[in-house]
Amino acid sequence: MRKLFFVACIQILFPFLIQGQQPKKPNASEIHQALQKLNFLGSVLYVAAHPDDENTRLISYMANHTKARTAYLSLTRGDGGQNLIGPEIREQLGVIRTQELLAARRTDGGEQLFTRANDFGYSKHPDETLSIWDKKEVLGDVIWAIRKFRPDVIINRFDHRTPGSTHGHHTSSAILSTEAFDISANDNIYPEQLKYTKTWQPKRLFFNTSWWFYGSKENFEKADKTKLLEFDTGVYYPSLGLSNSEIASLSRSQHKSQGFGSTGNRGKESEYIELIKGELPKDKTNIFEGIDTSWNRIKNGKAIGDILLQVENYFDFKNPSASIPELVKAYQLIQQLDDEHWKKIKSKEIVEIIASASGLYLEAVTTDANTTKGSEVSIKVEAINRSNSNMSLESIKISEIGINDLPKISLENNTSNTFEYKGSIPNDFEYTNAYWLNKKGSLGMYNVTDQKLIGKPETEHKIKAVFTVTIEGVTIPFTKAVVYKTNDPVKGEVYKPFEIIPLISASIKDKVIIYANGASKQIPVKIKAGKSNITGTITLTHPEGWQITPASLDFKLSQKGEEKIVVFQLTSPENQSEGYISPEIKINNEIYSSEVITIDYDHIPYQTIIVPSETKVVRLDIKKKGQNIGYIEGAGDVVPESLRQIGYNVNNIDPESITTENIKSYDAIVVGIRAYNTIDQLKFKQQYLLEYVKNGGNLLIQYNTNHRLKITNNLGPYPLKLSRDRVTDENAKINFLSPEHPVLNTPNKITDKDFNGWVQERGLYFPNEWSKDYTPILSAKDAGETEKKGALLVAKYGKGYYIYTGLSFFREFPAGVSGAYRIFANMISLGK
């Protein structure tokens, strides 16, 4: 309970607008800590490649102990990884991981930045990474982040001097950061950025090293530490009741889609940073030595600092509002600063503190979670002053929807003031969407052309209420996002972002539809109304050679949110073919062809994504043997649905229910990705699975990692050792090591063509050692490497077959790769 309370509190301490979440309600201790941060004018930028790369211990230490403005620049949004909490992959997974990073920063006190680089999957060398990312563009984004954030200190998570020793994305992040450090102050470099910002030169660049980078603790002990700074990041914060390490663990645990739950540590814990560029501090305990981090660093800042230092030193924890007169004086002086950078940052901070210290509660909520362009919207507003401060509400403006009220009323202590308004969403208003998904990007880059958007963690909701309040004679604007609020019987008060969505959306549940050996299929299309009383016509676009009936369908939806299923009959051509189908809806001469996707997990705010609605259809020549498949779900994939698409009966097996008797009827049992990393019961049930094989069954195990493996001795019936071997080039040549083996010949003849069109990679975490009882079937390699022969191993065991494969079927099936289906059917058909 204490930790949950802290997470709620930490969100209050730092000046973040948490869209769609409960408003900030700080206590006196938290207000005092916010004052300490207000009085510190220094910044740290931490740089790495992915969500989860960041060192939350160091970020939390810089934000909470040093009090520095601290940000994490993640070059990607983590789209290329796996999802341990749900079915979302690629762009949707990137949205989840973006929000998990924001949740982590709300916990550890940092801020979050990005570039436009797309996580295209594992890369073995930065040369490959930077060619796919477009080095010039991503370097520009890093420089943009430096110029906008203006860090005094940059800390790289990875070492730019060791290309090829780790993930290419990792090393690339350090290479780009190091290069940007040298040129971000040059006004001839990316001059187009200077329309919106100024050049900036950080003072120091560090590499966040540790014993791990030296190979062992013994090597690290012997290493020259002349250029190393050491910090005890295990420091304890009495006012929070938590250590820095515990905060860092709470932050790390926000990466739930990656299964990175972390137990909090207590006691001393050292972190090391190695100077790469700039002058080494003489005082190695002070990363900001020689940098003025007081208000004196900016012109006319001394007077502000004098006032705020007094407020901090004489803060009344029993009555925070006693500081209001001095705070509003400081606010006035901040507004007169010439330094626009610090003026903007510190104005936001002090406005939050004034509201907190006075107990000023301002809120604007809608009666609907979403609406459409041109629609009327109702807004309920509350304003309450919970202090003795002299306060009046001058105006309430929600200019985006035409609301401009001048109540000019006194805000008496603890007296609620409520207002109700109606406004209209302009017809040219933009839909609410993740801005980086508005345009189709490339393999390595998101397509964002608006310089002002680049680097922002999320789309800023534009419908905001501006409350103009006079406090102790000083007029101050307070801006609040308009949100939706409701009461959940279980969760209580629930907040969601207020979204602008299309008039109507259309979706096809299956994003890939496989036609095995021809046929006609019914294509159900779900249409959903964004407002009431909609009539229109829907058609289904389709590839040449495919036939659709009927040509169109008329529909009517009476209520907002009403859903209706319309059904088309789609017939495939006789020969193998593939393409895309897409619903198109015509309403009053307007065409709508988008799908509204929602993502709802408790640990992140509710998300709405608007994407083109399309489904890949594949006419596939495929044969198969066996019919009844048992599937043990792993870390989340669409393999069961994909197998059903090609005509298998698939039953999901509860690991607890596995017994010799319960599984003997299956023609094959398929184990999902990372199942042996995530399912504890399998260590006890493996004996039954191997007995199933011995008695004539067919067991097919998909990839696992060698890290946190639940089973080490009997993953297979014969010795088998997993490794980190992988082939990341999705077009790498495949060699057939055992061309006569049944798995390549029956019931489908597998050829080179079956490996065309693969996405992201060939496979990952192949075994690199196995007994002679296994037959390696395939080999492949990335450029400059040796052949990897562990992609597909088959062993005869008793009367049945054991198969282990690291081929990335979990990626190929959602992409509709026809050859992947044929290979999988052959594996299931072995021995039949």
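Only residues that are in a helix (DSSP H, G or I), among the hydrophobic types (A, V, I, L, M, F, W, C) and either within 20 Å of GLU111 (Cα to Cα) or not assigned by TED's automatic domain parsing to the domain that holds LEU280 (or both): list them for the stretch 140-175, please.
Of the stretch 140-175, the ones in a helix (DSSP H, G or I) are 140-149, 168-175.
When the remaining residues are screened for being among the hydrophobic types (A, V, I, L, M, F, W, C), the result is 142-146, 149, 174-175.
Correct list: VAL142, ILE143, TRP144, ALA145, ILE146, PHE149, ALA174.
Kindly provide the set of residues from the stretch 758-781 that are part of a loop (DSSP other than H, G, I, E, B), at pLDDT 95 or above and surrounded by fewer than 19 Cβ atoms within 10 Å (Cβ to Cβ), ordered by number.
Within the stretch 758-781, SER771, LYS772, ASP773, LYS781 qualify.
Pairs please, first residue from the stretch 685-712 and under 14 Å from TYR797 (Cα atoms), second anywhere and in a loop (DSSP other than H, G, I, E, B) and among the acidic types (Asp, Glu), Cβ atoms under 9 Å, 6+ apart in sequence or on different chains.
Listed by first residue and then by second, the contacts come to GLY697/ASP667; ASN698/ASP667.
Just a yes or no: is a residue in the stretch 783-793 of a type in the set (Asp, Glu) and closer than 24 Å to SER818 by Cβ?
Taking the stretch 783-793 first, the residues of a type in the set (Asp, Glu) are 785, 787.
Imposing the further condition that a residue be closer than 24 Å to SER818 by Cβ reduces the set to none.
Within the stretch 783-793, not a single residue is of a type in the set (Asp, Glu) and closer than 24 Å to SER818 by Cβ.
Which of the residues spanning the stretch 782-802 are crowded, with 22+ Cβ neighbours inside 10 Å, in a loop (DSSP other than H, G, I, E, B) and among the hydroxyl-bearing types (Ser, Thr, Tyr)?
Across the stretch 782-802, there are no qualifying residues.
Does the stretch 263-292 hold any residues that are under 27 Å from GLU221 (Cα atoms), among the small types (Gly, Ala, Ser) and assigned to a loop (DSSP other than H, G, I, E, B), and which are they? If you could, list the steps in order and put the result at the bottom.
The initial filter retains those residues of the stretch 263-292 that are under 27 Å from GLU221 (Cα atoms), namely 263-289.
Those still in the list that are among the small types (Gly, Ala, Ser) too: 264, 267, 270, 278.
Those that are under 27 Å from GLU221 (Cα atoms), among the small types (Gly, Ala, Ser) and assigned to a loop (DSSP other than H, G, I, E, B): GLY264, GLY267.
Only residues that are closer than 19 Å to PRO202 by Cα, in contact (Cβ under 8 Å) with a residue 24 or more places away in the chain and not aromatic (Phe, Trp, Tyr): list them for the stretch 293-313, please. Talk me through it step by step, then tell me what you get.
Pass one, the stretch 293-313, residues closer than 19 Å to PRO202 by Cα: 293-298.
Remaining after also requiring in contact (Cβ under 8 Å) with a residue 24 or more places away in the chain: 293-295, 297-298.
Answer for the stretch 293-313, where residues must be closer than 19 Å to PRO202 by Cα, in contact (Cβ under 8 Å) with a residue 24 or more places away in the chain and not aromatic (Phe, Trp, Tyr): THR293, SER294, ARG297, ILE298.
If you scan the stretch 77-97, which residues turn out to be within 18 Å of THR432 (Cα to Cα) and either touching a His at 6+ places or on another chain (Cβ under 9 Å) or of a type in the set (D, E, K, R) (or both)?
Across the stretch 77-97, the qualifying residue is only GLU91.
SER593 - would you say it is loosely packed, with under 13 Cβ neighbours inside 10 Å, in contact with a strand residue (DSSP E or B) (Cβ under 7 Å, 6 or more places away or on another chain) and of a type in the set (Gly, Ala, Ser)?
No, not satisfied.
What strands (runs of 3 or more DSSP E) completely inside the stretch 483-564 contain at least 1 residues that are surrounded by fewer than 15 Cβ atoms within 10 Å (Cβ to Cβ)?
Passing ranges, in order: 483-488, 492-497, 520-529, 534-541, 547-549, 553-557.
Matching residues to (1) among the basic types (Lys, Arg); (2) outside the structural domain of PHE810 (by TED's automatic domain parsing); (3) crowded, with 18+ Cβ neighbours inside 10 Å; (4) more than 30 Å from ASN575 (Cα to Cα):
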position: ASP600; (1), (2), (3), (4): no, yes, no, yes
position: VAL638; (1), (2), (3), (4): no, no, yes, no
position: GLU641; (1), (2), (3), (4): no, no, no, no
position: GLN645; (1), (2), (3), (4): no, no, yes, no
position: TYR666; (1), (2), (3), (4): no, no, yes, yes
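Which of the numbered conditions does LEU393 fail, given that it passes all the others? Conditions: (1) buried (at least 16 other Cβ atoms within 10 Å of the Cβ); (2) closer than 19 Å to VAL95 by Cα; (3) modelled with pLDDT of 95 or more.
Checking LEU393 against (1) buried (at least 16 other Cβ atoms within 10 Å of the Cβ); (2) closer than 19 Å to VAL95 by Cα; (3) modelled with pLDDT of 95 or more, the one that fails is (2).
Taking the stretch 195-227 as the region of interest, how many residues are in contact (Cβ under 8 Å) with a residue 40 or more places away in the chain, surrounded by 11 or more Cβ atoms within 10 Å (Cβ to Cβ) and not in a loop (DSSP other than H, G, I, E, B)?
So the answer is 5.
The values are calculated or read from the model by the stated rules, or taken from the named source; none is laboratory data. Just so you know, these numbers come straight off a predicted model, no measurement behind them. Heads up, the Cβs are rebuilt from the backbone with ideal geometry, glycines too, and the neighbour counts pull from every protein chain shown.
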